[in-house]
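The values are calculated or read from the model by the stated rules, or taken from the named source; none is laboratory data. These numbers were taken from a predicted model, which means no experiment stands behind them. Because the Cβ atoms are built from the backbone with ideal geometry, glycine has one as well, and the counts that use them run over all protein chains shown.
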Amino acid sequence: MAEHDHIRLFIPGPVEVRPEILQAQTQWMIGHRSSDFAALYERLQPKLKQSFRTEAGRVFVYTSSATGIWESASRNLVRDDQRILHLVCGAFSERWAEVSALNGKQVDQIEVEWGRAIHTEQLAEALRGQHYAAVAVVHNETSTGVMNPVWEYAEVMRAYPETLFLVDAVSSYLGADVRVDDWGIDVCLISSQKAMALPPGIAFAAVSDRALARAATVANRGYYFDMLELEKSHKKNNTPSTPPISLMYAADRQLDDVLAEGLDNRMERHKQMQQMTHDWAAEAGLERFAEAGFESITLTTLHNNLGIDFPAMNKFLKSRGMMISDGYGKSKGRRCGSRTWATPSPPNWPNSCRT
C-alpha cells in the first residue's frame with residue numbers, strides 16, 4: 001500500500017489547505033493589543049472588502065465558526081417585537097432558523113424539500129403578506145448542493161428598505177460570485193474552512209451601516225457577538241476579545257494569492273471544476289441531487305442511484321490518501337438508493353449494493 005503524508009479532503013469542509021497557508025500560521029505570536037496586531041488587522045480589511053465586493057461598511061473578524069455569526073445577526077438585528085423570515089432548504093438553513101428561535105425571536109419560514117431551491121416568487125409572496133425585520137437565507141446550501149438565487153432576491157428586497165437582508169455565504173464565498181454592495185446585503189457571513197481554504201476557527205462578516213443602526217435599537221444583544229462592541233474595536237483595528245492571530249496570518253496570505261489570481265478568474269476556475277464534476281457524474285450514471293438550474297458551483301451532490309457502499313468506498317479511497325463525504329444531516333450514511341455526496345474519483349469503486 002502506498003504511503004501518504006496526509007489524507008486529502010474532498011469533502012465540503014474543512015477542505016484541503018495548501019502548505020503555504022499552513023506555514024503562514026507559524027509566524028511568531030504577537031500581542032493582540034499591540035501595534036503589530038493593529039497593522040495586521042488593518043492590512044486585512046481592504047483585502048476582505050475587495051473579496052466581498054464591498055466598498056461600504058466593514059468586515060468584522062469573529063473568533064468562532066459561522067454559527068457564531070448566525071447568532072450575532074439574529075440576536076443583534078431583530079427586536080423581540082419583530083419577526084424574521086428564514087428561507088429553509090436544507091440542514092444549515094434549518095439550523096439558522098433554530099438559532100433565531102433559541103434566541104427568542106419570532107421566526108417564520110419558507111421551507112422546501114431538500115434538493116429544491118427557494119424560488120424568488122416564494123420570497124416576494126411572503127414579503128407581500130407580512131412585515132419582517134430581516135430575511136435570512138443560505139446562499140449555497142451545503143447539505144443539498146443547492147445555490148439559491150440571492151441575486152434575484154436582491155431585486156425583491158429593494159422594495160422593502162426596512163427589512164434587513166442577511167446572507168450566509170459560507171460555502172460560496174471565494175468560489176462563486178458574492179456581491180455585497182450590488183445585492184444590498186446587510187450581513188454577509190462566511191467561515192474559513194470552505195472555498196476560502198483555511199483551517200477552521202475564524203469567521204468574517206461584511207456588515208452594513210443599516211445593520212448597525214438596527215442593532216442600536218435592540219436590547220440584550222449579548223456580549224461576545226455584540227455588533228456594536230465589534231464596531232468599537234474595529235475602529236481601532238482590533239477585536240473586543242482575543243482573536244485567532246495565527247489564522248489571521250493565514251487569511252492575509254490566502255487573500256494575497258486570491259486577489260493575485262483575480263476574483264473573476266477564480267470564479268471561472270470553479271465553474272470549470274463544476275462542469276468537470278458534472279460531466280464525470282453523467283458518464284458514471286450518477287444523478288445530480290440539486291434542482292436543475294440551481295446547482296452549487298462549489299460542491300456537487302448526487303443521488304446514490306447506483307447503490308454504492310460509501311463506507312467501503314471511503315476505506316478504498318483512504319488507502320489511496322483521499323476521502324469524500326457520505327452526506328449530511330438526514331441523508332448522511334444512507335446507502336442504497338439514498339442521496340449522498342460524490343466528487344470525481346475512479347470508476348472502479350467497491351460496491352456491495354449494486355444488483
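Listed by position, the helices (runs of 4 or more DSSP H) enclosed by region 192-265 that each have at least 3 residues that are surrounded by 18 or more Cβ atoms within 10 Å (Cβ to Cβ) and in contact with a helix residue (DSSP H, G or I) (Cβ under 7 Å, 6 or more places away or on another chain) are 209-215, 245-261.
Filtered by the rule that a residue be within 15 Å of the chain's Cα centre (by Cα) and acidic (D, E), region 51-89 gives a lone residue, E71. Beta carbons closer than 7 Å, at least 6 apart along the sequence or on distinct chains, never pair a first residue in region 46-63 that is outside the structural domain of Y173 (by TED's automatic domain parsing) and farther than 20 Å from G175 by Cα with a second that is surrounded by 19 or more Cβ atoms within 10 Å (Cβ to Cβ) and of a type in the set (V, I, T).
For the criterion of being under 26 Å from E261 (Cβ atoms), of a type outside the set (A, V, I, L, M) and at pLDDT 95 or above, D182 passes.
Would a scan of region 57-70 turn up a residue that is touching a helix residue (DSSP H, G or I) at 6+ places or on another chain (Cβ under 8 Å) and modelled with pLDDT under 95?
Taking every residue of region 57-70 in turn, at least one turns out to be touching a helix residue (DSSP H, G or I) at 6+ places or on another chain (Cβ under 8 Å) and modelled with pLDDT under 95.
Tell me yes or no: at least one residue of region 176-183 is in the same structural domain as T26 (by TED's automatic domain parsing), surrounded by fewer than 24 Cβ atoms within 10 Å (Cβ to Cβ) and in a strand (DSSP E or B). Yes, some residue in region 176-183 is in the same structural domain as T26 (by TED's automatic domain parsing), surrounded by fewer than 24 Cβ atoms within 10 Å (Cβ to Cβ) and in a strand (DSSP E or B). Against the conditions (1) free of Cβ contacts under 8 Å to residues at least 40 places away in the same chain; (2) at positive phi, D81 satisfies every one except (2). Taking the options R288, R320, R269, R253, name whichever one is in the same structural domain as G90 (by TED's automatic domain parsing) and not hydroxyl-bearing (S, T, Y). Of R288, R320, R269, R253, the one residue that is in the same structural domain as G90 (by TED's automatic domain parsing) and not hydroxyl-bearing (S, T, Y) is R253.
If I ask for residues that are under 19 Å from the mean Cα position of the chain (by Cα) and among the acidic types (D, E), which ones from region 146-175 would you list?
E152, D168
Among the residues of region 152-165, some residue qualifies, meaning at least one is in contact with a His (Cβ under 9 Å, 6 or more places away or on another chain), under 18 Å from A73 (Cα atoms) and not in a strand (DSSP E or B). Just one of (1) surrounded by fewer than 16 Cβ atoms within 10 Å (Cβ to Cβ); (2) of a type in the set (A, V, I, L, M); (3) without any contact (Cβ under 8 Å) to a residue 40 or more places away in the chain fails for V88. It is (1).
When region 2-55 is filtered for residues that are in contact with an Asp or Glu (Cβ under 8 Å, 6 or more places away or on another chain), of a type in the set (K, R) and in a loop (DSSP other than H, G, I, E, B), only R53 remains. Check region 113-127 and report whether any residue there is surrounded by fewer than 24 Cβ atoms within 10 Å (Cβ to Cβ), in a strand (DSSP E or B) and either charged (D, E, K, R) or touching a Phe, Trp or Tyr at 6+ places or on another chain (Cβ under 6 Å) (or both). Taking every residue of region 113-127 in turn, none turns out to be surrounded by fewer than 24 Cβ atoms within 10 Å (Cβ to Cβ), in a strand (DSSP E or B) and either charged (D, E, K, R) or touching a Phe, Trp or Tyr at 6+ places or on another chain (Cβ under 6 Å) (or both). Checked against (1) under 17 Å from W96 (Cβ atoms); (2) touching a residue at least 40 places away in the same chain (Cβ under 8 Å); (3) among the small types (G, A, S); (4) touching a strand residue (DSSP E or B) at 6+ places or on another chain (Cβ under 6 Å), G145 passes all but a single condition, namely (1). Out of region 56-77, which residues are out of contact with any Pro (no Cβ under 6 Å at 6 or more places or on another chain) and assigned to a loop (DSSP other than H, G, I, E, B)? Residues satisfying the conditions are A56, G57, S64, S65.
There is at least one residue in region 80-88 that is modelled with pLDDT of 95 or more, over 19 Å from V170 (Cβ atoms) and of a type outside the set (K, R). Among all positions in region 316-325, there is no residue which is modelled with pLDDT under 85 and either touching a His at 6+ places or on another chain (Cβ under 6 Å) or not small (G, A, S) (or both).
A quick yes/no check of all residues on (1) of a type in the set (A, V, I, L, M); (2) more than 22 Å from the chain's Cα centre (by Cα); (3) farther than 24 Å from E141 by Cα:
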{"site": "A284", "(1), (2), (3)": "yes, yes, yes"}
{"site": "F289", "(1), (2), (3)": "no, no, no"}
{"site": "N304", "(1), (2), (3)": "no, yes, no"}
{"site": "I308", "(1), (2), (3)": "yes, yes, no"}
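Looking across region 22-41, the residues that are closer than 23 Å to A197 by Cβ and surrounded by 12 or more Cβ atoms within 10 Å (Cβ to Cβ) come down to L22, Q23, A24, Q25, Q27, L40, Y41.
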